[in-house]
Amino acid sequence: METWGCDSIYEDFEKEEVKLIFGSNKEIFLADISSGDKEIEKMEEKFQNYNQKVFDNFIKGNFAKAIELINEEMNLFAYIQNKRDHHIINSLKKYLPRFINNRPSLKNKEAINILISLGESHSLPYINLKKFGQNVEREYPQEKPIIFEPYRTALREKELISPEKFNQDILAKALIERFIRTHIDKETKDERLISRLIIQASKRISLDEIKKLSVELKENLRGEKKMSDQIRANNIFVVGKFLESKGLIFDDEVDEANEDSIKRLVEKLEKQDYNR
């Protein structure tokens, strides 16, 4: 099964999806761009190079540059997503009728139900098909209203409104989102749980506080140009203390953070948010 990127964070979902497809006797139609597309591969390689540059500038106190870079990265990602979405739309319009007409079991039916499996970032196919009078509905795996993390919020604005859309507050929180992901990477791979934590964190952290964190990390470098293991450890400590100061600390009942303690923390934060 084709997936975008080297390591998929949706591996469990993809396994279940394959189980549903296998032996179902349903006709399968691939509408997305092939993962071997050379232009997209070059763009994705360029996209991957941004991550370290964003981190390096942020921890060196170059906050404005870090924001500029993460904005450029998002513009590139939005372009890739839009290119994929338009390919999906065109494939459905062009090849789907041919696909149906070549199959006797389908072409004589009055109505055909089509299930399209797309990630939450892919809204254009739904909008476009709806606009052209197709009877389409969409479902999300979680309850509404849908709340996105800062990175996907900024990305969707660029995809659906304009690539020029620039919101420094959301971009800064998208940057912190990466630090949180890195901070708990060993504790959990549950993407939904991570997403819930990031959403709660973004509500509690201001733009000025993120700028101050960048300055603190710069001071931690103590003028050294090369990143040593000690500096990395100190950076983790500084970020950890910052998160702790915002109430983003794990349950005291355990010595170390783990998936259960993160879950308890998220539930506590969501309860606090609900009671405000």
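Where a number appears in this text, it was derived from the coordinates with a stated rule and is not lab data. None of the values given here were measured: they were computed from a predicted structure. Every residue, glycine among them, receives a Cβ derived from its backbone with ideal geometry; neighbour counts consider all protein chains shown.
In terms of other Cβ atoms within 10 Å, 261, 162 run from fewest to most in the order 162, 261.
Toward the positive end of the charge dipole of the chain, with +1 on the Cβ of Lys and Arg and -1 on the Cβ of Asp and Glu, the farthest Cα among 25, 231, 266 is that of 25. Over 28 Å apart at the Cα level, from the set 60/165; 42/186; 158/203; 15/246; 38/218, are 42/186; 15/246; 38/218.
Computed from phi, the 3J(HN,Hα) profile of the range 238-244 under the Karplus parametrisation 6.51, -1.76, 1.60 (θ = phi - 60°) reads 4, 5, x, 5, 4, 5, 4 Hz, with x in place of Gly and Pro. Normalised Debye scattering of the range 155-211 at q = 0.23, 0.28, 0.29, 0.31 Å⁻¹ gives log10 I(q)/I(0) of -0.96, -1.10, -1.13, -1.18, counting only Cα atoms as equal scatterers and leaving out solvent.
Taken about its Cα centre, the range 40-169 carries a charge dipole of about 740 debye when Lys and Arg each add +1 at the Cβ and Asp and Glu each add -1 at the Cβ. Panel note: the C-alpha atoms of the range 1-121, placed on their principal axes, show extents of 64, 29, 23 Å (largest first). For the range 71-118, the set of GluC sites (Glu not before Pro) satisfying both a DSSP loop assignment and a count of at most 11 other C-beta atoms within 10 Å is given as 110. So for the range 1-157, averaging the separation of alpha carbon pairs under 8 Å that are six or more residues apart and normalising by length, what relative contact order in percent results? For the range 1-157, the relative contact order is 22 percent.
Using 7 Å Cα-to-Cβ label points, what is the residue 138/residue 82 separation (nm, one decimal)? Placing both labels 7 Å along Cα→Cβ, they lie 1.7 nm apart. Here the Karplus relation 6.51 cos²θ - 1.76 cosθ + 1.60, evaluated at θ = phi - 60°, turns the backbone of the range 182-192 into coupling constants of 5, 5, 10, 4, 7, 8, 7, 10, 6, 4, 5 Hz, with x for every Gly and Pro. Per residue, the convex hull around the alpha carbon atoms of the range 161-246 comes to 133 Å³.
For the range 9-49, the Cβ-based charge dipole about the Cα centre amounts to some 80 debye (Lys, Arg positive; Asp, Glu negative; other atoms uncharged).
The Stokes-Einstein estimate for the chain, based on a Kirkwood radius over Cα pairs and taken at 4 °C with 1.567 mPa s viscosity, is a diffusion coefficient of 61 µm²/s. Across the range 11-275, Cα pairs under 8 Å and at least six residues apart give a relative contact order of 19 percent. Report summary: the helix-based calculation at 222 nm, which adds -39500 (n - 2.57) for every DSSP H run with n ≥ 4 and divides by the residues of the chain, gives -20500 deg cm²/dmol. Here the Gaussian network model covers the chain, with springs between Cα atoms less than 10 Å apart; of 91, 228, 214, 228 fluctuates the most. Placing +1 on the Cβ of every Lys and Arg and -1 on the Cβ of every Asp and Glu, with no other charges, gives the chain a dipole of roughly 1020 debye about its Cα centre.
Ordering 36, 132, 81 by the projection of their Cα atoms onto the charge dipole of the chain, which places +1 on the Cβ of Lys and Arg and -1 on the Cβ of Asp and Glu, puts 132 at the extreme positive end.
Residues 183, 86, ranked from the fewest to the most other C-beta atoms within 10 Å, line up as 86, 183.
Considering the dipole of the chain built from charges on the beta carbon (Lys and Arg +1, Asp and Glu -1) around the Cα centre, which of 213, 188, 168 is farthest to its positive end? Comparing the listed Cα positions along the dipole, 168 ranks first. Each label point was placed 7 Å from the Cα along the Cα-to-Cβ direction; for residue 46 and residue 268 their separation is 4.5 nm.
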